[in-house]
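Here is the structure we will look at.
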Amino acid sequence: SQTIHQWPATLVQPVGSPLSLECTVEGTSNPNLYWYRQAAGRGLQLLFYSVGIGQISSEVPQNLSASRPQDRQFILSSKKLLLSDSGFYLCAWSVQDSRYEQYFGPGTRLTVT
Amino acid sequence: GEDVEQSLFLSVREGDSSVINCTYTDSSSTYLYWYKQEPGAGLQLLTYIFSNMDMKQDQRLTVLLNKKDKHLSLRIADTQTGDSAIYFCAEKWNSGYSTLTFGKGTMLLVSP
């Protein structure tokens, strides 16, 4: 069966510090991978998605970046965090078929102080 | 706009039925989904419906789809306190996109 891992589970970082959040998927090959942010308003904002190694699509301009160095690894990064980067970050994967139903990881709670 | 719309909050008593409504954007959407998010956790896929279906039932869950009005609903029968969560509907556009469009979520509160 497939599983998706995210770490760390929680993170408190000062403004201006770097960020690296990691997501890995097990039990599937060549998945689509997604990063979402969920802020206080509860809605999900799609940040990045990837259909293959090294292929990253950005949905919104921001000071975050994403990379996919391996087939089942997706990394969210920032060189300098802003207060507005605080939120709940969710990674998800989907099979590359017509349904694209997504399966979510447990999330990382980021607080920028 | 290109938003999936949901009411923000629903409160029911344990044992009653809950109906969560959603209006989606693209009449050619192929798949529509319901996800559940418990506090502090990721989203869990509950069910999905293909656009050529009007209804889908899965145990206590019933999904109704009205394509004419672009309206999707999730009915939970015999609602339990463990059903308290945020429920998101999402649509898959019939295009080359590999992404889903999510609503802002409906918070369901079930009281004893």
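Would you please give the FRET efficiency between A:Glu59 and B:Ser11, computed as 1/(1 + (r/R0)^6) with r the Cβ-Cβ distance and R0 = 30 Å, to the nearest 0.05?
Here the calculated transfer efficiency is 0.35.
Nearest 20 debye, what's the magnitude of the dipole of chain A about its Cα centre given +1 on Lys and Arg Cβ and -1 on Asp and Glu Cβ?
280 debye
In whole Hz and in residue order, list the ³J(HN,Hα) couplings for the range B:12-26 that follow from phi through the Karplus curve 6.51 cos²θ - 1.76 cosθ + 1.60, θ = phi - 60°; x for Gly and Pro.
9, 9, 4, x, 6, 8, 10, 10, 10, 10, 8, 10, 9, 9, 10
With every protein chain present, what is the per residue accessible area of the protein assembly as shown (1.4 Å probe, Å²)?
Spelled out: the 1.4 Å probe surface of the protein assembly as shown, per residue, equals 47 Å².
How large is ³J(HN,Hα) for each residue in the range A:65-82, as worked out from phi by the Karplus curve 6.51 cos²θ - 1.76 cosθ + 1.60 (θ = phi - 60°), to whole Hz, x for Gly and Pro?
9, 9, 9, 10, x, 9, 4, 10, 10, 10, 10, 10, 9, 8, 7, 9, 6, 10
Hey, if you put +1 on the Cβ of every Lys and Arg and -1 on every Asp and Glu Cβ in chain B, which of B:Gly42, B:Thr106, B:Thr62 ends up farthest toward the positive end of that dipole?
Ranked along the dipole, the leading option is B:Thr62.
Just going by the charge dipole of the protein assembly as shown, with Lys and Arg at +1 and Asp and Glu at -1 on Cβ, which of A:Gly105, A:Ser20, B:Ser7 is farthest out on the positive end?
A:Ser20
Quick one: order B:Glu38, A:Glu101 from most to least accessible surface, probe 1.4 Å.
If we order B:Glu38, A:Glu101 from most to least accessible, we get B:Glu38, A:Glu101.
With equal scatterers on the alpha carbons only and no solvent term, can you work out the Debye log10 of I(q)/I(0) for the protein assembly as shown at 0.17 1/Å?
Here log10 of I(q) over I(0) equals -1.24.
Remind me, relative contact order of chain A in percent, using alpha carbon pairs under 8 angstrom and six or more residues apart?
36 percent
Magnitude of the Cβ-charge dipole of the protein assembly as shown, K/R +1 and D/E -1, about the Cα centre, nearest 20 debye?
300 debye
Cα gyration tensor of the range B:25-68, axes a ≥ b ≥ c as square roots of the eigenvalues: rounded (a/c below 1.5), prolate (a/b > b/c) or oblate?
Cα axes put the range B:25-68 in the oblate bin.
Total Å² of accessible surface buried at the A-B contact, 1.4 Å probe, nearest 100?
1800 Å²
In what sequence, largest accessible area first, do A:Arg37, B:Arg13, A:Arg68, B:Arg75 appear using a 1.4 Å probe?
B:Arg13, B:Arg75, A:Arg37, A:Arg68
The values are calculated or read from the model by the stated rules, or taken from the named source; none is laboratory data. Nothing here was measured: the structure is a model prediction, and the numbers come from that model. Quick reminder, even Gly has a Cβ in these numbers, built from the backbone with ideal geometry, and neighbours come from all protein chains shown. We work out accessible area using only protein heavy atoms, side chains counted, and drop any ligands, DNA or RNA first. Shrake-Rupley method; radii C 1.70, N 1.55, O 1.52, S 1.80 Å.
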